[in-house]
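Visitor: This is the structure I want to talk about, given as structure tokens.
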Amino acid sequence: VPDAASRLAYSLTSGLAELESARPAVALAHVTELFRTDAAGAAALVEAASLADLPEGAGRRALSGWLEAFGDRGLGEVEAMCPRFGEDPRPVFRMLRAGLVAAPGDPELVLSRVRVAADQELATIESRAGMLEMALIRALVGRARSLSRLRERMRVWMARTIAMTRSVTLDVDRRLRRLDAELSPGGAFYLSHQELLSATGRTRADLGPMVRMRIAAHRRGLEHADPPDTFIGTPPRVAPLPFDSRRSTGARASGGVVTGRVRLVDAEARGAERVEPGDAVVVRTPDV
């Protein structure tokens, strides 16, 4: 049964240790628990936009360490135009506020429970499978876990490489704005690699008009509706939802059917602090 097979594969590979992409989330869960013990810090989180807005205490120290370790990560980290947590920690503050709304809990205990559940699932299979089948299953599960760790490790290195590229582009952007004060911040992200090199060379081309033209084209593109996920040949024309529409469709994140209050969470994690158990979370594009 395909649905059962998909659930089984998910269960057997859940709770992986040493998963690079999970480290920031687990560490942030620990920071959240420290803020529970720091009443002044938790109260300041409501309006905080930077570390300077937080009082000295366990929460601020823990968050400072988290930003030092994971400040080169971000919500849209595969897009060089998106700021990193080290530049703009406000999404992190919103995630912390969302975590404080939830019930207290030890993230390591949650992970250990998931690992135990995976082991129990494997033991259930072992009671029904033959020796040869079981040896094959264990080999496949071990390979899947190993490849998952490798995949996430490469994903993190890609994000860090893009973060370094962003730092260089921001430096070029400052130079361009010194030459053309009317350019808006971030214009350098609309230039190609060769154009960025020319912007830092001895003979600097006037790239302002090109940047403005590409920004205008980008804005026009954003006004178009997204094409469908799959199509054959030319994608069909997509009509945007009417402003008073009460229904929308999308891809589900898990199996089953549920009814709940809709909570919209935007690309900057705004709205996450209002999510409660039983809510249906809706995002434009989910990320791991």
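The values are calculated or read from the model by the stated rules, or taken from the named source; none is laboratory data. Owing to the predicted nature of the structure, the values given are computational and were not obtained by experimental measurement. All Cβ positions, even for glycine, are placed from backbone atoms using ideal geometry, and neighbour counts span all protein chains on display. Quick note on the areas: whole protein, heavy atoms, side chains included, nothing else; ligands and nucleic acids left out. Shrake-Rupley method; radii C 1.70, N 1.55, O 1.52, S 1.80 Å.
Visitor: Can you tell me which residues in segment 41-60 are touching a Lys or Arg at 6+ places or on another chain (Cβ under 9 Å) and part of a helix (DSSP H, G or I)?
Guide: Those that are touching a Lys or Arg at 6+ places or on another chain (Cβ under 9 Å) and part of a helix (DSSP H, G or I): Gly41, Ala42, Ala44, Leu51, Gly59.
Yes/no per residue for (1) closer than 30 Å to Ala188 by Cα; (2) not hydrophobic (A, V, I, L, M, F, W, C):
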| position | (1), (2) |
| --- | --- |
| Glu79 | yes, yes |
| Ala102 | no, no |
| Arg113 | no, yes |
| Val156 | yes, no |
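Visitor: Here's another thing I want to ask about it. Given the condition assigned to a loop (DSSP other than H, G, I, E, B), within 25 Å of Pro286 (Cα to Cα) and hydroxyl-bearing (Ser, Thr, Tyr), answer yes or no: does some residue in segment 20-40 qualify?
Guide: no
Visitor: Applying the selection to segment 1-49, what residues are closer than 29 Å to Leu150 by Cβ and among the aromatic types (Phe, Trp, Tyr)?
Guide: Matches in segment 1-49: Tyr10 only.
Visitor: Same structure again: Within 20 Å of Pro24 (Cα to Cα), without any contact (Cβ under 8 Å) to a residue 60 or more places away in the chain, open to solvent by 60 Å² or more (accessible area, probe 1.4 Å) and not polar (S, T, N, Q): is that true of Arg138 in this structure?
Guide: In short, no.
Visitor: Select from segment 267-277 the residues that are under 23 Å from Glu20 (Cβ atoms) and within 12 Å of the chain's Cα centre (by Cα) and write down the one among them that is surrounded by the most Cβ atoms within 10 Å (Cβ to Cβ).
Guide: Once the filter is applied, the top-ranked residue is Ala269.
Visitor: Determine, yes or no, whether Asp106 is surrounded by fewer than 19 Cβ atoms within 10 Å (Cβ to Cβ), in contact (Cβ under 8 Å) with a residue 40 or more places away in the chain and over 30 Å from Leu170 (Cβ atoms).
Guide: Taking the combined requirement at face value, the residue satisfies it.
Visitor: Of all the residues that make up segment 145-188, how many are hydrophobic (A, V, I, L, M, F, W, C), open to solvent by 40 Å² or more (accessible area, probe 1.4 Å) and part of a helix (DSSP H, G or I)?
Guide: The number of residues fulfilling the criteria is 9.
Visitor: In segment 76-103, which residues are within 22 Å of Leu264 (Cβ to Cβ), open to solvent by 20 Å² or more (accessible area, probe 1.4 Å) and out of contact with any helix residue (DSSP H, G or I) (no Cβ under 7 Å at 6 or more places or on another chain)?
Guide: Within segment 76-103, Gly76, Glu79, Cys82, Pro83, Asp88, Arg90, Ala102 qualify.
Here's the yes/no breakdown for (1) open to solvent by 30 Å² or more (accessible area, probe 1.4 Å); (2) in contact with a His (Cβ under 7 Å, 6 or more places away or on another chain); (3) β-branched (Val, Ile, Thr):
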| residue | (1), (2), (3) |
| --- | --- |
| Ala17 | yes, no, no |
| Arg23 | yes, no, no |
| Leu28 | no, no, no |
| Thr32 | no, no, yes |
| Val46 | yes, no, yes |
| Ala49 | yes, no, no |
| Gly59 | no, no, no |
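Visitor: Checking Leu16 against (1) farther than 30 Å from Thr124 by Cβ; (2) not in a helix (DSSP H, G or I): exactly one of these is not met. Which one?
Guide: That leaves (1) as the condition not met.
Visitor: Continuing with this model, one more query. Can you give me the number of residues within segment 61-70 that are buried (at least 16 other Cβ atoms within 10 Å of the Cβ) and of a type in the set (Gly, Ala, Ser)?
Guide: Selection size over segment 61-70: 1.
Visitor: In segment 215-235, what count of residues is obtained for those that are of a type in the set (Lys, Arg) and at positive phi?
Guide: The qualifying residues number 0.
Visitor: Note down all Cβ pairs under 8 Å where the first residue falls in segment 109-130 and is outside any helix (DSSP H, G or I), the second is at pLDDT 85 or above, and they're at least six residues apart or on different chains.
Guide: Ala129/Ile137
Results for (1) modelled with pLDDT of 85 or more; (2) out of contact with any strand residue (DSSP E or B) (no Cβ under 6 Å at 6 or more places or on another chain); (3) open to solvent by 80 Å² or more (accessible area, probe 1.4 Å), shown as yes or no for each residue.
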| residue | (1), (2), (3) |
| --- | --- |
| Tyr190 | yes, yes, no |
| Ala199 | no, yes, no |
| Ala239 | no, yes, yes |
| Ser248 | no, yes, yes |
| Val257 | no, yes, yes |
| Gly260 | yes, no, no |
| Asp279 | yes, no, no |
| Thr285 | no, yes, yes |
